[in-house]
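Visitor: Starting off with a structure, shown below.
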Amino acid sequence: MARRLTHRPRIVTITGKRAETPLVSTLRWRDATKARPGQYVMVWVPGVDEVPMSLCDIGGVKGIAVHAKGEATSALARLRAGDRIGIRGPYGHGFRHKPGKCLVVAGGTGIACLAPLVEKLARRWPRPSVVVGARTRSELLFVERMRRTGAEVVVTTDDGTAGRKGLATDAAYELLNRNRYSQVCSCGPEAMMRVVASLAQCQSAPVQLSLERYMKCGIGICDSCAMGGLHICVEGPVMDSRRVAGLPDFGAFRRDACGRKERM
Amino acid sequence: MADLTVDVAGLRLENPFILASGVWGETGATLARALRAGAAAVVTKSVGLRPRPGYPNPTIVEVPSGLINSMGLPNPGIEEYGAEMEEALRPGRPVIGSIFGATAGEFAALARRMERWGVSALELNLSCPHAKGLGAQLGQDPGTTKRITAAVKAAVDIPVFVKLTPTVASIAAIGRAAAAGGADALVAINTLKAMAIDLDLCIPVLGHGTGGYSGPGIKPVGVACVYELFKAVRVPLIGAGGVSTGEDAAEYLMAGATALEVGTLVLRKRDRTFRQLSRELARFLASRGHRSARSLTGRAHRGD
Ligand SMILES: Cc1cc2nc3c(=O)[nH]c(=O)nc-3n(C[C@H](O)[C@H](O)[C@H](O)COP(=O)(O)OP(=O)(O)OC[C@H]3O[C@@H](n4cnc5c(N)ncnc54)[C@H](O)[C@@H]3O)c2cc1C
Ligand SMILES: Cc1cc2nc3c(=O)[nH]c(=O)nc-3n(C[C@H](O)[C@H](O)[C@H](O)COP(=O)(O)O)c2cc1C
């Protein structure tokens, strides 16, 4: 047998597909490769594109939660059990978890990459706190799944249609006032993560953030996801907030497929 | 310790290792990172007149002994690239500007702009294997190669390097044409046109179908091209293609190269790439009693 080439898509058959919200569906497939919470895969939709997706399931069955936005994600959302996709990875640095109480703050589909972390953390004491934020009730993702872990779950919606009315950062602020945390993990819009990082400073708890940038190679050579000389695809997507704070693009600029900077 | 310094067309380099175009080169901050990690110089991503997104993903696939890429020359366009150059120049080491265009006029305009951004030399991409009307499609014709080189030479004062494709009947003929156009150095080789097909889906893996093969598998091809060029032209040669160890570098030097460009190795070695190559080459030179990297250039031709 030829050596298995690491950076070549392996074809998998989708075993499960579920609409989670009007915008987000999950796809699952059997896949024995090892993965850590916070890692991502490059998902090849044959004939369409190959895009980065965080793993929302990291066991023997892997999963992704797809927010249909454009061509590739809409094509993914149209797939059904039995359809085939190509997978490279898992890639990148995931969350490192340290002992002690953890605060997890998720905005929008950010909960996809955090869910496996919460499941891992909730098996031990102390229980983690999880903020699941969305704009409105129908866009809330994985709330039941998070409740089942036994974690303390706080739900927020911007419009108050479910949980507390307000931003995920409001709930994070209160939790940080009420409890002592030894670490904070967050994924969501960068404006939100910036606030989370500054709120956590008062507890001097280390903060890990999961970033998104335009990715092509996924293996740290093409430079399309670079931020201040760091490659989000291999040195991220999860990074320490102190490292991220030094990147002038954080919360401000991203690059398009041409490498042009655009304001976020 | 053996002397690793080299001189390429007036460019004094601390060691013979240069970051190849298209790897770590879309942003200035990453180019600066490569320089801080010990690259003697860096080549920018190939830049064109207008922003270009490149080909659809997948744009990269691993094959035994290397990679096939079909990035498709994504770049923000020469105007926006000025901001990247500012950052790339910060470490104070040579930055070589790679440019691609469809006509001699486009090349000349890009060259003037790059010179204004502060590059130490230009590299003309006449060799990208997978872009229609660009790259290798120009560099496979001696007349076109000479015309574009001459147009750029007339437009700028800095040294002009021409990067060649191995996918030609005679690389010596193309090398002579570039030299006749006034090229100050030649770079060989760019990637080889290649394809990988997925055996389950029965379709090419890369979004564009074909791409360019790089990495250890193409080193013997690169060495042969440099060897042939050394016999054909007088200008200095920069070897590229699969350089992964100090001994690979020595092989290219013996074939006739003065310096080396390194791309795919960065995938595995990242920040360690350049210091490790320098260390390995120094150790090789010492082990064989060679006093300098310079002294190796063309050694394989003695008695030829
Ligand atoms: C590490 C990482 C993890 C991600 N995890 C998830 C996830 O779990 N669920 C999810 O729904 N989305 C996730 N994304 C975002 C997802 O990759 C993009 O939404 C998707 O690529 C959009 O493609 P499209 O063709 O549908 O949309 P387009 O219309 O092409 O683009 C919509 C937006 O997505 C961006 N985008 C397009 N292609 C890429 C690309 N190759 N890499 C990065 N961004 C791109 C565009 O810049 C644009 O802002 C993740 C991105 C990264 C970098
Ligand atoms: C991802 C990738 C992108 C590349 N982009 C360019 C490019 O824009 N311009 C160019 O002249 N060569 C480009 N090349 C070719 C390299 O500069 C080099 O000539 C080739 O990869 C052989 O060297 P290597 O085996 O050390 O990688 C690219 C190579 C790779 C792997």
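The values are calculated or read from the model by the stated rules, or taken from the named source; none is laboratory data. On a predicted model such as this, the values are computed, not experimentally measured, just so you know. With ideal geometry, Cβ positions are generated from the backbone for all residues, glycine too; neighbour counts draw on all protein chains shown. We work out accessible area using only protein heavy atoms, side chains counted, and drop any ligands, DNA or RNA first. Shrake-Rupley method; radii C 1.70, N 1.55, O 1.52, S 1.80 Å.
Visitor: Taking the DSSP beta bridges in the protein assembly as shown as the whole, what percent of them are antiparallel, to the nearest 5?
Guide: DSSP beta bridges in the protein assembly as shown are roughly 50 percent antiparallel.
Visitor: While we're here: Pick out which of B:Ala185, B:Ala232, B:Ala255 has the largest mean-square fluctuation in a Gaussian network model of chain B, springs linking Cα atoms closer than 10 Å.
Guide: Maximum fluctuation in the GNM of chain B, among the listed residues, is at B:Ala232.
Visitor: Please report the antiparallel percentage of the DSSP beta bridges confined to region B:15-124, to the nearest 5.
Guide: In region B:15-124, approximately 35 percent of DSSP beta bridges are antiparallel ones.
Visitor: Given H placed on each backbone N at 1.01 Å, which residues far from A:Ala81 in sequence or on other chains put an amide H within less than 5 Å of it?
Guide: Close amide H contacts, sequence-distant or interchain: A:Lys17.
Visitor: Okay, moving on. Which residue, chosen from A:Gly110, A:Pro9, A:Ala162, occupies the Cα position most advanced towards the positive end of the dipole of chain A, where the dipole is computed from +1 (Lys, Arg) and -1 (Asp, Glu) charges on Cβ about the Cα centre?
Guide: A:Pro9
Visitor: Then there's this: List the residues of region B:65-93 for which accessible area in the full set of protein chains is at least 40 Å² lower than for the chain on its own; 1.4 Å probe, protein heavy atoms only.
Guide: At a threshold of 40 Å² (probe 1.4 Å), the residues of region B:65-93 that become less exposed are B:Met71, B:Glu80.
Visitor: Return the sequence-ordered ³J(HN,Hα) values of region B:218-227 in whole Hz as given by the Karplus equation 6.51 cos²θ - 1.76 cosθ + 1.60 applied to θ = phi - 60°, using x for Gly and Pro.
Guide: With coefficients 6.51, -1.76 and 1.60, one gets 9, 4, x, 5, x, 4, 5, 5, 5, 4 Hz.
Visitor: Please compute the per residue accessible area over region A:102-263 with all protein chains in place, 1.4 Å probe, rounded to a whole number of Å².
Guide: 39
Visitor: Expressed in nm to one decimal, what extension gain is obtained for the pair A:Val61 and A:Arg127 from 0.36 nm per residue of sequence separation less their Cα-Cα distance? Don't jump to the answer; show the numbers that get you there.
Guide: Values: separation 66, 0.36 × 66 = 23.76 nm, distance 2.51 nm.
Answer, rounded to one decimal: 21.3 nm.
Visitor: List the accessible area buried at the contact between B and A, summed over both sides and calculated with a 1.4 Å probe, in Å² to the nearest 100.
Guide: 3200
Visitor: Shifting gears a bit: Around B:Ala286, what is the net charge, scoring Lys/Arg as +1 and Asp/Glu as -1 over all other residues with Cβ under 12 Å from its Cβ?
Guide: +2
Visitor: Give me, ordered by chain and number, the residues 5 or more places off A:Glu212 or on other chains with an amide H under 5 Å from its own placed amide H.
Guide: Sorted by chain and number, the residues that satisfy this come to none at all.
Visitor: Taking only protein heavy atoms and a 1.4 Å probe, what accessible area per residue, in Å², does chain B have with all protein chains in place?
Guide: 36
Visitor: Once you compute Rg and the Kirkwood Rh from C-alpha atoms, what is the Rg to Rh ratio for the protein assembly as shown?
Guide: My calculation of the ratio gives 1.02.
Visitor: Something else now. Using r as the Cβ-Cβ distance of B:Arg275 and B:His301, and R0 as 25 Å, what FRET efficiency do you calculate, to the nearest 0.05? List each step's numbers first, then the result.
Guide: Working: r = 30 Å, r/R0 = 1.20.
After rounding, the FRET efficiency stands at 0.25.
Visitor: Could you sort out which of B:Lys193/B:Lys269; A:Lys34/A:Lys98; A:Lys261/B:Lys193; A:Lys69/A:Lys261; A:Lys62/A:Lys101 sit more than 23 Å apart by Cα distance in this structure?
Guide: Violating the 23 Å limit, Cα to Cα: B:Lys193/B:Lys269; A:Lys261/B:Lys193; A:Lys62/A:Lys101.
Visitor: Considering protein heavy atoms only and a 1.4 Å probe radius, which residues within region A:84-117 exhibit an accessible-area decrease of no less than 10 Å² in the full assembly relative to the chain by itself?
Guide: Buried on complex formation: A:Arg84, A:Arg88.
Visitor: Amide H of A:Cys56 versus every other amide H placed in the peptide plane: which residues, excluding those fewer than 5 positions away on the same chain, fall under 5 Å?
Guide: Placed amide hydrogens put A:Gly63, A:Ile64, A:Ala65 under 5 Å from A:Cys56.
Visitor: Counting only Cα, what are the radius of gyration and maximum Cα-Cα distance Dmax of region B:6-301, in Å?
Guide: Looking at region B:6-301, its Cα Rg and Dmax stand at 17.5, 54 Å.
Visitor: In addition: With a 1.4 Å probe and all protein chains left in place, how much accessible area per residue does region A:2-91 have, in Å²? List each step's numbers first, then the result.
Guide: Values: 3950 Å² over 90 residues.
With all protein chains present, region A:2-91 gives 44 Å² per residue.
Visitor: Assigning unit charges at the beta carbon (Lys, Arg +1; Asp, Glu -1) and nothing else, what dipole magnitude in debye, to the nearest 20, does chain B show about its Cα centre?
Guide: Value, rounded to 20: 560 debye.
Visitor: For A:His97, what accessible surface area do you get with a 1.4 Å probe? Give it in Å², rounded to 10.
Guide: Number for this one is 60 Å².
Visitor: Same structure again: Rounded to the nearest 500 deg cm²/dmol, what is the calculated helix-only ellipticity per residue at 222 nm for the protein assembly as shown, with -39500 (n - 2.57) per DSSP H run of length n ≥ 4?
Guide: Only helices count here, giving -8000 deg cm²/dmol.
Visitor: Tell me, what is the FRET efficiency for A:Thr161 and A:Lys69 to the nearest 0.05, using R0 = 25 angstrom and their Cβ-Cβ distance as r?
Guide: Given R0 = 25 Å and the Cβ-Cβ separation, E is 0.70.
Visitor: Which shape class applies to region B:51-174: rounded if a/c is under 1.5, otherwise prolate when a/b exceeds b/c and oblate if not, where a ≥ b ≥ c are the square roots of the Cα gyration tensor eigenvalues? Write out the running numbers ahead of the final one.
Guide: Working: a/c = 1.70, a/b = 1.12, b/c = 1.51.
It is oblate, given that a/c is not under 1.5 and a/b is not larger than b/c.
Visitor: Could you give the C-alpha radius of gyration of chain A expressed as a fraction of 2.2 N^0.38 Å, taking N as the number of residues it contains? Intermediate values should be presented prior to the final figure.
Guide: Working: Rg = 17.8 Å, N = 264, 2.2 N^0.38 = 18.3 Å.
Taking N as the residue count of chain A, the ratio is 0.97.
Visitor: I need the calculated FRET efficiency for the pair B:Arg234 and A:Arg243, taking r as the beta carbon distance and R₀ as 45 Å, to the nearest 0.05. Please report the intermediate quantities before stating the final value.
Guide: Numbers: r = 49 Å, r/R0 = 1.09.
Once rounded, the FRET efficiency stands at 0.35.
Visitor: Got a number for carbon plus sulfur as a percent of chain B's accessible area, 1.4 Å probe?
Guide: Taking all protein chains in place, chain B shows 51 percent carbon and sulfur surface.
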